[in-house]
Every structure is written in structure tokens, then in C-alpha cells.
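All remarks here apply to the structure that follows.
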Amino acid sequence: MPFLDVRSVTKQFGGIVANADITLTVGEWEIVGLIGPNGAGKTTLFNCITGVYPVNRGQIYFQGKNITKLKTHERAALGIGRSFQNLGLVRGTTVLQNLVTAQHMTAGYSVIEGMVGAPSTFAVEKELAYKADGILEFIGLSEFRDQVIDDLPYGVLKNVELGAVLATDPQLLLLDEPSSGLSPTESDQLGDILLRLREEIGVTILMIEHHVPLVVRVCDYIYVLNFGTLLTEGLPKAVQSHPEVIAAYLGGEPAGRNGAKAPKAAGKAPARTAKGKAKTAAQTAGTTPDYESPEGQSQYVPYE
Ligand SMILES: Nc1ncnc2c1ncn2[C@@H]1O[C@H](COP(=O)(O)OP(=O)(O)OP(=O)(O)O)[C@@H](O)[C@H]1O
Ligand SMILES: [Mg+2]
């Protein structure tokens, strides 16, 4: 049974068919990529999966449960968390407060109560802050803990947003262009974080991403959208060398390698991951990316 099962989803906006009969699956502990040019319908599909938009046709199943008709907050409560293409953070508050606010959804009292600090919420707030600190440490943001987010560079904010989504304890993480605005080095670090999320916490990820080296490095499987339809799907290397994909999207990016493996805790490999591939020592140490990154050469796809 797929973890996420999108079956023949169609979403129209008036005469625009943003998603036409899209079928895709994400297995538990997989990291799956969703790529395609601007306007292909990627964010729309996320909005259908999370319930922001009702679908015109098709069904969406999460962990075997039909969630097609559920409300956004009901899907979130089931463990579907998402980041936004444009940052979904609360301006004027600190990094820590953003991660705490994200948890209020599941804390059992209102956001306002949490913010005004009613005595009954004090112990809970402490717990939420403790958990937020753990997440900040995990993604390497502890030094920014008490800074107001308005003062931080975009690259840091993207990771703060990832932290805020993680604070909601998602089982399925939907990431909309997590590396946009990041430097190549920051993208490498993001790749490390995503692989560790799967390996150490067992999170399943579906990510929209234009940065091909990152997609190829971390994804077990890739779906390519074009003009609202599914152009192709496959293992990263196959998709990367698919003639239409090269022509339309990749523009001769350097080849990467799919080294993804199952989370340690799970002891079970994602079904579509090439089995038995060991990480290199450098990968394990988290020091180097596993693709060539020539100085000064843009790593972003040409249509960006
Ligand atoms: N709320 C909306 N109302 C009307 N049309 C919409 C709406 N949301 C998306 N669209 C249209 O649906 C199509 C797909 O848009 P979408 O944002 O899903 O593309 P995308 O693949 O995420 O593109 P990008 O890479 O630029 O983020 C576009 O033609 C867009 O204009
Ligand atoms: Mg988009």
C-alpha cells in the first residue's frame, strides 16, 4: 500500500486544466521528486493533496485512508505537513517563536492563549520550546534561535520554515522548492538534512524542486509534470537522461547518483530505491556532495 496515493486527480481553474488525470504514489520512507517547468501544475497538486483546493476528479489516499474530502486541518492532523513556495512564517517574531507557533495546532489550546501566556499554558509552552530547540539543533539553526526572523537572510528563513513544518510532527512532508534562493553550499546542506530526516526520523518526503543536482542526489523516484500532465516518471538517472526531460528541463546538468537508503530505525528499504547501495565515507560524514559542482557554474535549471 502506498503511503500517499494520488489517483487520476484533475484540477481545473475555469478553462485552465492545472492537473490533468495525475496519478502518482509515494512509498513510506521514500523521498520523491516532482519537477517540471513554471506553470506545470506542481504547486496546484500540493494544494490538492493538502486540501487547499477541492479536486474536480480523482481520489487521494493517505496511509490507505481516502482523504479526498477532508478539510486542510484534518489532513494536517493525520500527519501531512507542507512548506510553501513563498515562506509561510510569522514576521515580527523570533525563530523559536515560529517553531512554537507551528506546534500550537496540536497543543490543545488556541494560538492566542499561547501567545498571551496564560498560566495554564506555561508548562506546555516550555515543552514546545524544548522540542523546538531540538529541531533547531537538528537542522543547524540554534545560533538564530532568538533572532527576529525579519532580520535573517532568505537562505536561513527557508530552513526556519522547514523547522516550523517539522515542529508539527509530519509523517509526510511536502516541500515546495525548498532550495529556492539557497546557495549551492546551502543546497548541499539541505540535501544532508533531508537524507537525515528520512534516515533518523523516518519522515517520508514529496518535494517540488528545480535544483536538479539536489533532486538527483536525494530522490528515490521522480515524477515530471508538463502543462498539467504527467510527462514521465522513473528513477533519477533514467529521468535525468530521458530525452524529452533533458530537452525541456535539465539542459545537460551533471549526472548525480542515487545513494538513498532506508532509515536505520526502520530496517526496511524503500521499494523503489536501488538496493544495497552504500554511502561513500564522505557522504556518511556529510562533508561533500556526490556530484561535481564546478566553481561559478550555475546549478539551476535553465528555465529558472
Ligand atoms: N488559484 C488559481 N486560480 C487560477 N489559476 C491558477 C490558480 N493556481 C494556479 N493556477 C494556474 O494553474 C497552472 C499551474 O500553476 P502552478 O502554480 O500549480 O504551477 P507550478 O508548477 O507550481 O509552477 P512554478 O514552478 O512557477 O511554481 C498555472 O497556469 C496557474 O496560472
Ligand atoms: Mg509552484
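The values are calculated or read from the model by the stated rules, or taken from the named source; none is laboratory data. Because the structure is a prediction, the values reported are computed rather than measured. Cβ sites come from the backbone with ideal geometry, for glycine too, and all protein chains shown count toward neighbours.
A few notes on this one:
- Helices (runs of 4 or more DSSP H) fully within the stretch 119-225 that include at least 1 residues being over 25 Å from Asn38 (Cβ atoms): 122-138, 154-166, 184-196.
- Exactly one residue among Gly256, Gly228, Gly202, Gly276 is at pLDDT below 50 and at positive phi, and that residue is Gly276.
Every residue, every condition in (1) of a type in the set (D, E, K, R); (2) more than 16 Å from ligand 2 (Cβ to nearest atom); (3) modelled with pLDDT of 85 or more, yes or no:
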{"site": "Gln97", "(1), (2), (3)": "no, yes, yes"}
{"site": "Ala102", "(1), (2), (3)": "no, yes, yes"}
{"site": "Gly114", "(1), (2), (3)": "no, yes, no"}
{"site": "Gly117", "(1), (2), (3)": "no, yes, no"}
{"site": "Glu127", "(1), (2), (3)": "yes, yes, yes"}
{"site": "Ala132", "(1), (2), (3)": "no, yes, yes"}
{"site": "Gly155", "(1), (2), (3)": "no, yes, yes"}
{"site": "Leu162", "(1), (2), (3)": "no, yes, yes"}
{"site": "Pro170", "(1), (2), (3)": "no, yes, yes"}
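- Neighbours by Cβ (under 8 Å, 6+ apart or cross-chain): first from the stretch 158-177, within 13 Å of Ile208 (Cβ to Cβ); second surrounded by 23 or more Cβ atoms within 10 Å (Cβ to Cβ) and of a type in the set (Asp, Glu): Leu175/Glu209; Glu177/Glu209
This table checks each residue for (1) under 20 Å from Leu173 (Cα atoms); (2) touching a residue at least 40 places away in the same chain (Cβ under 8 Å); (3) among the aliphatic types (A, V, I, L, M); (4) in the same structural domain as Asp176 (by TED's automatic domain parsing).
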{"residue": "Leu4", "(1), (2), (3), (4)": "yes, yes, yes, yes"}
{"residue": "Ser8", "(1), (2), (3), (4)": "no, yes, no, yes"}
{"residue": "Lys11", "(1), (2), (3), (4)": "no, yes, no, yes"}
{"residue": "Ala20", "(1), (2), (3), (4)": "no, yes, yes, yes"}
{"residue": "Thr23", "(1), (2), (3), (4)": "yes, yes, no, yes"}
{"residue": "Trp29", "(1), (2), (3), (4)": "yes, yes, no, yes"}
{"residue": "Gly36", "(1), (2), (3), (4)": "yes, yes, no, yes"}
{"residue": "Phe46", "(1), (2), (3), (4)": "yes, yes, no, yes"}
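- When residues of the stretch 33-61 are limited to those that are crowded, with 20+ Cβ neighbours inside 10 Å and more than 16 Å from ligand 2 (Cβ to nearest atom), the one farthest from the chain's Cα centre (by Cα): Val55
- Criterion: more than 21 Å from Gly228 (Cα to Cα), in contact with a Lys or Arg (Cβ under 7 Å, 6 or more places away or on another chain), surrounded by 14 or more Cβ atoms within 10 Å (Cβ to Cβ) and among the β-branched types (Val, Ile, Thr) - qualifying residue of Ile67, Ile80: Ile67
- Unmet criterion (only one of (1) over 19 Å from the mean Cα position of the chain (by Cα); (2) more than 16 Å from ligand 2 (Cβ to nearest atom)) for Asn19: (2)
Rundown of residues vs (1) surrounded by 19 or more Cβ atoms within 10 Å (Cβ to Cβ); (2) of a type in the set (A, V, I, L, M, F, W, C); (3) within 16 Å of ligand 1 (Cβ to nearest atom); (4) under 15 Å from the mean Cα position of the chain (by Cα), yes/no style:
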| position | (1), (2), (3), (4) |
| --- | --- |
| Glu137 | no, no, no, no |
| Leu152 | no, yes, no, no |
| Asp169 | no, no, no, yes |
| Leu197 | yes, yes, no, yes |
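- Against the conditions (1) over 18 Å from the mean Cα position of the chain (by Cα); (2) in a strand (DSSP E or B), Arg91 satisfies every one except (2).
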